[in-house]
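Novice: If you scroll down you'll find the structure; I have some questions about it.
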Amino acid sequence: MRLLLCALLITSNAIACDYESDDLIQYEGHIESVRVLDKKVYPYVEDTRICTMHIESRIKGEWYSSRGKYIFSSNVSEDEACSHAESRAKSVVIKEHIPETIRSKRNLSCDLTTVRNSCKIIYMNVEMPVLGTQRVKLKTCEE
């Protein structure tokens, strides 16, 4: 009887790990005042409309221009949509002109008690007296 080894596949130990991330972004300043330069609401795509806002924001006595837009449907009021567009324009100014501090905390937690055993899968071509050559799968695992 002849044995011929065709392939060998080894599955490694797996450890379950959880990754947690906690980021805090803090801006070191504020917008003193805002003036609206332009506000437009017009039809957009299908049954949606868009509100675009052009504002100037004062930070430390200096005026900075920015734009924001918000696409909305009939279930959102025009005032609410334009408020979102103004907030987006303010966010642009804040990100561009106010320093930020980023604090980050990362935690990797692994549970070493749930280690799986390593297994081997071996495929062999085996010559059998009545059946001829047959492909056999053999799986062995560590205890």
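The values are calculated or read from the model by the stated rules, or taken from the named source; none is laboratory data. Only a predicted model underlies this, so the values are computations on that prediction, with no experimental measurement involved. Neighbour counts are summed over all protein chains in view; Cβ atoms, including those assigned to glycine, are modelled from backbone coordinates with ideal geometry.
Novice: Answer yes if at least one residue in region 85-100 is closer than 30 Å to D18 by Cβ and in contact (Cβ under 8 Å) with a residue 60 or more places away in the chain, and no otherwise.
Specialist: Among the residues of region 85-100, at least one is closer than 30 Å to D18 by Cβ and in contact (Cβ under 8 Å) with a residue 60 or more places away in the chain, which makes the answer yes.
For (1) over 27 Å from the mean Cα position of the chain (by Cα); (2) among the polar types (S, T, N, Q); (3) on the phi > 0 side of the Ramachandran plot; (4) at pLDDT 90 or above, each residue gets a yes or a no:
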site: C51; (1), (2), (3), (4): yes, no, no, yes
site: I55; (1), (2), (3), (4): yes, no, no, yes
site: I71; (1), (2), (3), (4): no, no, no, yes
site: A81; (1), (2), (3), (4): no, no, no, yes
site: S87; (1), (2), (3), (4): no, yes, no, yes
site: I98; (1), (2), (3), (4): no, no, no, no
site: N107; (1), (2), (3), (4): no, yes, no, no
site: T114; (1), (2), (3), (4): yes, yes, no, no
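Novice: Taking interchain pairs and intrachain pairs at least six residues apart, which have beta carbon atoms under 6 angstrom, with the first residue in region 23-38 and closer than 10 Å to I94 by Cα and the second surrounded by 12 or more Cβ atoms within 10 Å (Cβ to Cβ) and charged (D, E, K, R)?
Specialist: none
Novice: Residues that are surrounded by 15 or more Cβ atoms within 10 Å (Cβ to Cβ): list the strands (runs of 3 or more DSSP E) wholly contained in region 12-106 that include at least 3 such residues.
Specialist: Output list reads 49-59, 62-72.
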